[in-house]
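Encoded as structure tokens, the structure appears first; notes follow it.
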Amino acid sequence: MSAFAYRDGELHAEGVALSAIAARFGTPCYVYSRAELEGAWRAFDAAFEGLPHLVCYAMKANSNLAILDLYARLGSGFDIVSGGELARVIAAGGDPGKVVFSGVGKTDAEMAQALEAGILCFNVESEGELDRLADVAARLGRRAPVSFRVNPDVDPKTHPYIATGLKESKFGVAFDDAPRLYRKAARSPHVAVHGLDIHIGSQITDLAPYRESASKVLDLVDRLRADGIALAHIDLGGGLGIRYRDEAPVPLPEYAAMLRGLFAGRPERLLFEPGRRLVGGAGVLLTRVLYLKPGAAKSFAIVDAAMNDLMRPALYDAWHPVDPVRPRAGGERLWEIVGPVCESGDFLARDRRLALAPGDLLAVGAAGAYAMAMSSNYNTRTRACEVLVDDSRMQLVRRRERCEELFALENRLP
């Protein structure tokens, strides 16, 4: 059951009315449910009970320190894609020894930072990166723990912008090149081969691509073992989808049962990198209607949140549910929910049948993932604040920016 539900005609986050949050902290405002965040992580972890495994939260989905802190307390690992994200993990009390470092463009400085922190593994995504990492490790007198992110050329049947396991993707090394690269890494005195990594995409709602890619991985792992290269872990990535509109997400028990059938009894520990699946449904974007512009062709509801606050609709034409905090009776019509940003692409939702008046509060749902994390200051707009609800308590976990902070690092001409 969702933590966001109507009580006495008003939408609540757990035990707190969203109108009370708006009154205290203003809008736009991201609101997260601790119960939803914690429940999602525990359910994912429990699904693989009995199999050696580590859940590494893909923090690019939402990197707020409070969420990282919560997951670190639960024993989570973290999947990072930058040195900045590693700094966030450490600041939140996370264990660097449970961090896997993904991404196609790691710099020397980031590699050194991660080596000195003692991360679990680098997910290497090119031969050039392997050579660079070996050089950095040699300069530091360390051995870098590595796995290769292998591209299995499997179609995840998702949006092309978030499909990452096809041949044309920038991510990972080609499947056919992997044996040679593993042999090269095994010969290097400055890297230590630990595992193998795949990640085929995001918002995947079909079990078949996971089965196909996992089967290909097992064949490769066994080939490597025959070559004398034994792996300590297999990282199966993330990408499990959630429900935004009418999707049918893969049930976690079915996903776990499929993997148990393939991996039970094997010596390798399994790593997972869920992001959206853990946090997507745990947040809403709270926004207020500023003006209504009814028209013959289109009717626009102009709200105080914009594409700089929630980029997904403009970037992917993504669909998010939009619900009134206090529904009105009668007077419904189709509205375009748009923001103040000076772009025609600035919309949060299209063709939503709602009864609205200026001043009404709206909750844009399924906004816990790739929402605040992708926000910007376009049009010199301060980013939204973030609030975490825990039962009947609300805590500000990121204050709203002040306008003068947006240009504090800039200088006028002399």
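Here are some notes:
- In the chain, helices alone account for a calculated mean residue ellipticity at 222 nm of -8500 deg cm²/dmol, with every DSSP H run of four or more residues adding -39,500 (n - 2.57).
- C-alpha center-to-center spacing [the range 59-98, the range 174-221] in angstrom: 24
- Residue among LEU388, MET307, PRO324 farthest towards the positive dipole end of the range 275-393, charges placed on Cβ: PRO324
- Each label point was placed 7 Å from the Cα along the Cα-to-Cβ direction; for CYS403 and ALA192 their separation is 5.5 nm.
- Ranked by how many other beta carbons lie within 10 Å on average, peptides 406-414, 95-103 from highest: 95-103, 406-414
- Rounded to the nearest 20 debye, dipole of the range 301-414 from Cβ charges on Lys, Arg, Asp, Glu: 160
- Look at the alpha carbon pairs under 8 Å that are at least 6 residues apart: their mean separation over the length of the chain gives a relative contact order of 19 percent.
- Separation in nanometres of the label points that stand 7 Å from Cα toward Cβ, at LEU315 and SER392: 3.9
- For the chain, size of Cβ-based charge dipole, Lys and Arg +1, Asp and Glu -1, in debye: 320
- Neighbour cut-off at most 15 other Cβ (10 Å), DSSP loop, GluC sites (Glu not before Pro), the range 309-393: GLU332, GLU343
- Computed over the range 1-143, the alpha-carbon pair-distance distribution with 5 angstrom bins reads 2, 9, 16, 15, 15, 12, 11, 7, 5, 3, 2, 1, 0, each value a whole percent.
- Prolate/oblate/rounded call for the range 34-279, Cα gyration tensor, a/c under 1.5 rounded: oblate
- Residue (of VAL99, PRO189, VAL55) at the positive-pole extreme of the range 34-279, dipole from beta-carbon charges: PRO189
- Net charge over other residues, Cβ less than 14 angstrom from the Cβ of GLY15 (K, R count +1; D, E count -1): -3
- One chain, two ends: LYS298 and ALA226. Fully extended at 0.36 nm per residue, the span grows by 19.5 nm beyond their Cα-Cα distance.
- Loop-located GluC sites (Glu not before Pro) across the range 186-278 with a Cβ neighbour count of 15 or fewer within 10 Å are GLU247, with loop assigned by DSSP.
- C-alpha center-to-center spacing [the range 1-51, the range 309-334] in angstrom: 18
- Residues SER188, SER299, SER392, sorted so that the one with the fewest Cβ neighbours within 10 Å comes first: SER392, SER299, SER188
Every number in this text was worked out from the coordinates using simple rules, so none of it is lab data. In this text, all values refer to a predicted model and were calculated from it rather than measured experimentally. Virtual Cβ from ideal backbone geometry, glycine too; neighbours counted across all protein chains shown.
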